[in-house]
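What follows is a set of notes on a single structure, which appears directly below.
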Amino acid sequence: DVKVTQSSRYLVKRTGEKVFLECVQDMDHENMFWYRQDPGLGLRLIYFSYDVKMKEKGDIPEGYSVSREKKERFSLILESASTNQTSMYLCASRVIIQGLSQNYGYTFGSGTRLTVV
Amino acid sequence: AQSVTQLGSHVSVSEGALVLLRCNYSSSVPPYLFWYVQYPNQGLQLLLKYTTGATLVKGINGFEAEFKKSETSFHLTKPSAHMSDAAEYFCAVSRIITGGYNKLIFGAGTRLAVHP
């Protein structure tokens, strides 16, 4: 079965800390995404990656960066955590078949609930 | 630009009643539409999708949705609610971005409560 694994379910970090959220997929998917989920706002895209070593900003990239050194792993980095980054973070991946990606939905991880104090 | 509006942030139904969750989209091109479900403390799971072809699509757990181009809608229905359907539901539309790639734009979500 297809799987996206996020390394932590719950994290508590202090303001100013550098935070790493890890996501690993075992499906050889090209595309990977990081979203944050907040009540009433749905899911908002932070960063995404077309393929290894490629990254693009999403709708709310400020305060975040990403790394994709290997195809299966996509890391989200909070350079200096702030309380307004307290949220649920969701990682997702998607396959590309015959150059088409829009037909296929995302596979999501279980999420990491981050609290910054 | 593509966007998604889900009408009603909270919907409450009785067990056995019809479930109707509303989704309207805006898209300048033929849309690809999705419904996802999120159970408590879990990630999102794909319920169903519309890409091309038949406008009534069936998904998992007895849910279905109908694509109505004239109404720009993609409402989710289930004839008879079950307690296990209590969850948050997200509608999404695929949007083309730079380089020909696309991403999903999500609605704000509708939380479904099912009471005995």
**Study point:** Single unsatisfied condition, residue B:45 versus (1) of a type in the set (S, T, N, Q); (2) closer than 24 Å to residue A:37 by Cα; (3) not in a strand (DSSP E or B)
**Key:** (3)
Exercise for review: Scan segment A:42-60 and give yes if some residue there is of a type in the set (S, T, N, Q) and farther than 21 Å from residue B:34 by Cβ, otherwise no.
Suggested key: no
Practice item. Determine which member of the set A:49, A:110, A:8 is closer than 26 Å to residue B:112 by Cβ, surrounded by 13 or more Cβ atoms within 10 Å (Cβ to Cβ) and in contact (Cβ under 8 Å) with a residue 12 or more places away in the chain. Key: A:110
Review point. Here are B:58, B:68, B:78: which of them is out of contact with any strand residue (DSSP E or B) (no Cβ under 7 Å at 6 or more places or on another chain) and either among the hydrophobic types (A, V, I, L, M, F, W, C) or away from every other protein chain (no Cβ under 14 Å) (or both)?
Key: B:68
Exercise for review: State which residue is modelled with the lowest pLDDT when the search covers only segment A:1-23 and only residues that are within 24 Å of residue B:35 (Cα to Cα) and among the β-branched types (Val, Ile, Thr).
Suggested key: A:2
Review point. Taking segment B:36-50, which residues are more than 13 Å from residue B:110 (Cβ to Cβ) and more than 8 Å from chain A (Cβ to nearest Cβ)?
Key: B:39, B:40, B:48, B:50
Point to revise | Output for segment A:1-50, where each listed residue is of a type in the set (A, V, I, L, M) and either within 30 Å of residue B:11 (Cα to Cα) or in a strand (DSSP E or B) (or both) | key: A:4, A:11, A:12, A:19, A:21, A:24, A:32, A:41, A:43, A:45, A:46
Review point. Quick one: would you say residue A:35 is modelled with pLDDT under 90 and facing chain B (nearest Cβ under 10 Å)?
Key: no
Review point. Can you pull out the residues in segment B:7-33 that are of a type in the set (Val, Ile, Thr) and assigned to a strand (DSSP E or B)?
Key: B:11, B:13, B:19
Review point. At the interface with chain A (Cβ under 8 Å from one of its Cβ atoms) and farther than 22 Å from residue A:94 by Cβ: does that describe residue B:24?
Key: no
Point to revise | Verdict on residue B:53 being free of Cβ contacts under 8 Å to residues at least 24 places away in the same chain and not polar (S, T, N, Q) | key: yes
Check your understanding: Would it be correct to say that residue B:27 is crowded, with 17+ Cβ neighbours inside 10 Å, of a type in the set (Ser, Thr, Tyr), farther than 24 Å from residue A:5 by Cα and over 13 Å from the mean Cα position of the chain (by Cα)?
Key -> yes
**Study point:** Only one of A:116, A:24 that is of a type outside the set (Gly, Ala, Ser) and more than 14 Å from the chain's Cα centre (by Cα)
**Key:** A:116
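The values are calculated or read from the model by the stated rules, or taken from the named source; none is laboratory data. Everything numeric here is computed off the predicted structure, so don't read it as measured data. Backbone-built Cβ (ideal geometry, glycine too); neighbour counts: all protein chains shown.
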